[in-house]
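Engineer: The structure is given below, and queries will be raised subsequently.
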Amino acid sequence: MLIWFLPLFLVFLMIGLPVFFGLLAAPGILLFLNGQERDLTLLYRNLYNGMDSFPLMAIPFFMLAGEIMNRGGITHRLVEFSQAFMGHLRGGLAHVNVMSSMLFAGLSGSAVADTSALGSMLIPAMEKQGYTRRFAAAITAASSVIGPIIPPSGIMIIYAYVMGESVAALFLAGLVPGVLVGIGLMLLIKVMANRYDFPVASRKYSWGERGEASLKAFFPLLTPVIILGGILAGVFTPTEAAAVAVFYALFISLFVLKTLRFAELPDVLGRAGLTSAVVLLLVGAAMSFKTVVSLSHAPQQMADFILSLTENPLLLLFLINLLLFAVGMFLDAGPAIIILGPILGPVFTGMGVDSVHFAIIMCVNLTVGLATPPMGLVLFVASAVSGERVTTIARAILPFLAVEIAVIFLITYFPAISMTIPRLTGFAN
C-alpha cells in the first residue's frame, strides 16, 4: 500500500485536491480495493483522535501570538532594529530581510507568517531601492524557512508529539542550525552584493539611534526569552508557554506599545483560527494515515529495504537527506513528518544515530522544502505578496537553496552543531 500511496497522492495534488483530502482519500481508496474495510473505518475514526492532544494546542497558541504581534506593528519594530545595525552595508536591505526573519522566527515559528509579514513590507522597499522584484521575493522566501528552525517551531512540536521526543530538546537543538542558515544566507548576499553592486539601504546609524531602535524592539525580543526560559526552567510546558506568549503579545500590543485596538481582535482571532484549523486538520489526517501504515507493517518493510541498500550510517544519512529533500518539494513539512517520522526514525536510532539529532535533520530538511520548487508553499506565498510568477522566483532562489542544503549536510555529519546545547543543558544524552 505504501508503494502505491505516494503516486496516487501526487495525482490528487496535481488535479487540485487539497492535501487534507488527499491524505485521507489515497489510503482510503487503496484499503477499499484491498478489501480492508475494518482498517478503512479506523482511518476515518482516528481523524479526530489525531487532533485531540494537549501538546498540539501549542500550535494554535503560537500562531495566535504571531498574528497578534504582526497586527500590533511588532514586525515593523524588528525591521527597524535590523536596519539600524545592518542597513548601511552594501546589500543592506537584503541583510535586513534575513536578520528580520531570524528575529521574527523567535515570535511566530512559521515560515508562511514570516513570508507574509516581512514580504509585504520588505519586498516593495527592496524594489524601490533598486533590487529586482524576483530577487526580493526569492530572498524573502529563502530566509523565511528560518522561522520553523529557530524556536518556537510548530513542526518541532508536531515531531515531538508523533515521536515522543522532548519539545525543549528539539527547540534547543534548532538554535544553532537556524543561526547557521541565516549566516550562510548573509555571506552569500555579501558575495552577490560586491559582484552585482547592490545598493546601500541607508546611512550608518549612530550608536544613540541604534540604542533607540533596540529599546523599541526590546519587548518583542523578550518573547523568545520568556518562552524558552520558562520551558527550560520547568515553569511551564510548551503548550502553557504558547498560552503565555499569547497573553504577553496581547499585553504589550494593547497596553504597552498601544499598537493594537480591541476592535481588531475579532479579525486577528479569525485569521489565527483559520490557519490553525488548516494545520490541525492536516495533522489529524496524517495521524490517521500513520495508524493504517503501522498496521500494514510498512515501517518494518521500509527499514528492511533501507538496510538492504547499505549498513553504513553515513551513506544512509546521505540517501535519506536526498529522499527528504525530494519529499519536501511536494509535501508540506507537517504531514511529511507525521508520515515519514515513524518509518525512518526507528531505523536510524537503531543504527546509533541520536533521536534528537535525526529529528533536527528531518525538520530542517523538510523546512527547506517549503521554499523548494515546484510545490514549496512559501514560494506561492511570496508570489502572492510580490506579484511575481512562481517560476521566476523559483529560478532566483536556487543559489540560496544551495546554501541551505550545505547547512543540512553540515548538521548531518557534524552532530555537535545541533546537539551541544541540548547536551550542556541536560535535555539530551
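Engineer: Could you work out which residue, out of Tyr161, Tyr131, Tyr196, moves most in a Gaussian network model of the chain, that is, has the largest mean-square fluctuation with Cα springs under 10 Å?
Structural biologist: The residue with the greatest mean-square fluctuation here is Tyr196.
Engineer: OK, next. If I take R0 = 22 Å and measure r between the Cβ atoms of Phe305 and Leu10 in this structure, what FRET efficiency does the formula 1/(1 + (r/R0)^6) give, to the nearest 0.05?
Structural biologist: Numbers: r = 20 Å, r/R0 = 0.91.
Rounded to the nearest 0.05, the efficiency is 0.65.
Engineer: So, one more: Note the angle between two axes, namely the Cα long axis of helix 19-33 and the longest principal axis of the Cα atoms of the chain, as a number of degrees from 0 to 90, rounded to the nearest 10.
Structural biologist: It works out to around 10 degrees.
Engineer: Kirkwood hydrodynamic radius, region 140-257, all distinct C-alpha pairs: what's the number in Å? Before the final figure, lay out the partial values.
Structural biologist: Values: mean 1/r = 0.0593 Å⁻¹.
Evaluated over region 140-257, this radius sits at 16.9 Å.
Engineer: How far is helix 207-232 tilted, in degrees, relative to the longest principal axis of the Cα atoms in the chain, given as a value from 0 to 90 rounded to the nearest 10?
Structural biologist: Orientation of helix 207-232: about 20 degrees from the principal axis.
Engineer: Sticking with this one: Can you tell me which of Val390, Val191, Val112 moves the most in a GNM of the chain? Springs connect C-alpha atoms under 10 Å apart.
Structural biologist: Of Val390, Val191, Val112, the Gaussian network model singles out Val191 as fluctuating most.
Engineer: What longest range of the chain stays clear of loop-exposed trypsin sites (Lys or Arg not before Pro) (DSSP non-H/G/I/E/B, at most 14 other C-beta within 10 angstrom)? All intermediate terms of the calculation are to be shown ahead of the outcome.
Structural biologist: On the way: sites that count: Arg203, Lys204, Lys258, Arg261, Arg389.
Value returned for the longest uninterrupted segment is 1-202.
Engineer: Also, quick follow-up: List the aspartates and glutamates whose Cα lies under 18 Å from the Cα of Lys128, skipping any in the same chain that are fewer than 8 positions away.
Structural biologist: List returned: Glu80, Asp197, Glu388.
Engineer: Mind pulling the angle between the C-alpha long axis of helix 238-251 and the longest principal axis of the chain? Nearest 10 degrees, somewhere in 0 to 90.
Structural biologist: Once rounded, one gets 30 degrees.
Engineer: Quick check on region 114-198: take the gyration tensor over C-alpha atoms, sort the square-rooted eigenvalues as a ≥ b ≥ c, and tell me if it's rounded (a/c under 1.5), prolate or oblate. List each step's numbers first, then the result.
Structural biologist: Details: a/c = 4.21, a/b = 2.12, b/c = 1.99.
Judged from the Cα gyration tensor, region 114-198 comes out prolate (a/c at least 1.5, a/b above b/c).
Engineer: Compute the semi-axes of the equivalent ellipsoid of region 331-389, taking the square root of 5 times each eigenvalue of the Cα gyration tensor, and list them largest first in whole Å. Each step should come with its number before you reach the end.
Structural biologist: Working: eigenvalues 183, 19, 9 Å².
Taking √(5λ) for each eigenvalue gives 30, 10, 7 Å, largest first.
Engineer: Could you let me know the centre-to-centre spacing of region 103-122 and region 3-47, using Cα atoms, in angstrom?
Structural biologist: 33
Engineer: Roughly how many whole Å is it from the C-alpha centroid of region 130-145 to that of region 220-285?
Structural biologist: About 27 Å separates the Cα centre of region 130-145 from the one of region 220-285.
Engineer: Just to be sure I follow: if Rg is taken over the C-alpha atoms of region 336-429 and Rh is the Kirkwood radius over the same atoms, what is Rg/Rh? Before the final figure, lay out the partial values.
Structural biologist: On the way: Rg = 16.1 Å, Rh = 15.0 Å.
Looking at region 336-429, the ratio lands at 1.08.
Engineer: Here is a further query. With just the Cα atoms of the chain, tell me how far they stretch along each of the three principal axes, in Å, largest first.
Structural biologist: Reported extents, whole Å, longest axis first: 70, 48, 47.
Engineer: Excluding Leu187 itself, what net charge comes from residues whose Cβ is under 14 Å from its Cβ, given Lys and Arg +1 and Asp and Glu -1?
Structural biologist: Values: positive: Arg90, Lys190, Arg195; negative: Glu404.
Every neighbour counted, the sum reads +2.
Engineer: Using a Förster distance of 25 Å, how high is the FRET efficiency between Glu209 and Phe414, based on the Cβ-Cβ distance and rounded to 0.05? Please report the intermediate quantities before stating the final value.
Structural biologist: On the way: r = 39 Å, r/R0 = 1.56.
Once the sixth-power term is evaluated, E becomes 0.05.
Engineer: In a shell of Cβ-Cβ distance under 14 Å around Asp267, excluding Asp267 itself, what net charge do Lys and Arg (+1) and Asp and Glu (-1) give? Don't skip to the end; give the middle numbers.
Structural biologist: Working: positive: Arg71, Arg261, Arg271; negative: Glu67, Glu264.
Residues near Asp267 contribute +1 overall.
Engineer: If you don't mind, there's one more thing I want to ask. Can you pull the one-decimal nm distance between simple spin-label points at Leu315 and Thr259, each 7 Å off the Cα toward Cβ?
Structural biologist: Inter-label distance under the simple model: 5.4 nm.
Engineer: Running a GNM on the chain with Cα contacts under 10 Å, which residue among Gln83, Gln129, Gln36 ends up with the highest mean-square fluctuation?
Structural biologist: Answer for the Gaussian network model of the chain: Gln36.
Engineer: In region 70-112, whose amide N lies under 16 Å from the spot 7 Å out along Cα-to-Cβ of Arg195? List them in ranges.
Structural biologist: 91
Engineer: Under the classification rounded if a/c is under 1.5, otherwise prolate if a/b is larger than b/c and oblate if not, where does region 96-163 fall, given a ≥ b ≥ c as square roots of the Cα gyration tensor eigenvalues?
Structural biologist: On the way: a/c = 3.38, a/b = 2.76, b/c = 1.23.
Prolate, since a/c reaches 1.5 and a/b exceeds b/c.
A short reminder: the numbers here are calculations on the coordinates, not readings from a lab. In this text, all values refer to a predicted model and were calculated from it rather than measured experimentally. Note: ideal-geometry Cβ built from the backbone for every residue, glycine included; neighbour counts use all protein chains shown.
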